[in-house]
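J.: Here it is, the structure in full.
The values are calculated or read from the model by the stated rules, or taken from the named source; none is laboratory data. Every value quoted in this text rests on a predicted model; they were computed, and no experiment measured them. Glycine gets a Cβ as well: all are built from the backbone with ideal geometry, and neighbour counts include every protein chain shown. Just the protein is used for accessible areas: all its heavy atoms, side chains included, with ligands, DNA and RNA removed. Shrake-Rupley method; radii C 1.70, N 1.55, O 1.52, S 1.80 Å.
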Amino acid sequence: MLKTKSYIFNLVYSLFTLLAYNSIFLKKVYEITASGLFTCGAAICAFLLLNAACLLLFHPKTVKPLSISLLMLNTLTFYFMYTYNTEVDKIMLLNVLKTDVYEVHDLFSLKLAAFIIVLGLIPSFLIYKTQITFSSYKIRGISLLLSVLIIAGIILGGSSAAKPFLQNHK
């Protein structure tokens, strides 16, 4: 059985989520800005936002079911974004709810199975087998505050580059 502290779990989970499921986002940011520095700043901000979300959402009784559920949802979403070159919005989510059995059957493939196994089931199994020791709320609060301050510093420090990007790509 693996053992880790909650803040390490949150950092690893956030990094995995960023690298495994957000490559399309980072690629688009680079295509739009043509700036490696801006893309690195966006990646760091996304990582810290994910970490902040983990700090807020993951508690001793919710960490495993929630993190595994999010992994599986991210895996399916990333598969469809990657395979069909589409973005997921609220209309797409409504279409998912209206999909019937025959349409679902047409979507299954070996590629989907590979995505589910590599990006969903293997990490989920590792999470399930990991014993997570939670830090005090004081340490979690300090980590959250630190994440927010670093994000603010990156955004304010690069505000001249970020302003046109944020205005044109909401």
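J.: Out of everything in segment 91-112 that is β-branched (Val, Ile, Thr) and loosely packed, with under 11 Cβ neighbours inside 10 Å, what residue ends up being nearest to the chain's Cα centre (by Cα)?
T.: Taking the candidates together, the pick is 91.
J.: How many residues does segment 1-23 contain that are farther than 26 Å from residue 142 by Cα, hydrophobic (A, V, I, L, M, F, W, C) and open to solvent by less than 40 Å² (accessible area, probe 1.4 Å)?
T.: The number of residues fulfilling the criteria is 1.
J.: Being farther than 30 Å from residue 134 by Cα, surrounded by 13 or more Cβ atoms within 10 Å (Cβ to Cβ), β-branched (Val, Ile, Thr) and modelled with pLDDT of 90 or more narrows it down to one residue among 75, 83, 39; which is it?
T.: 39
J.: Could you grab me the full set of residues in segment 113-145 that are assigned to a helix (DSSP H, G or I), over 19 Å from the mean Cα position of the chain (by Cα) and either in contact (Cβ under 8 Å) with a residue 24 or more places away in the chain or under 25 Å from residue 9 (Cβ atoms) (or both)?
T.: The answer is 137, 138, 139, 140, 141, 142, 145.
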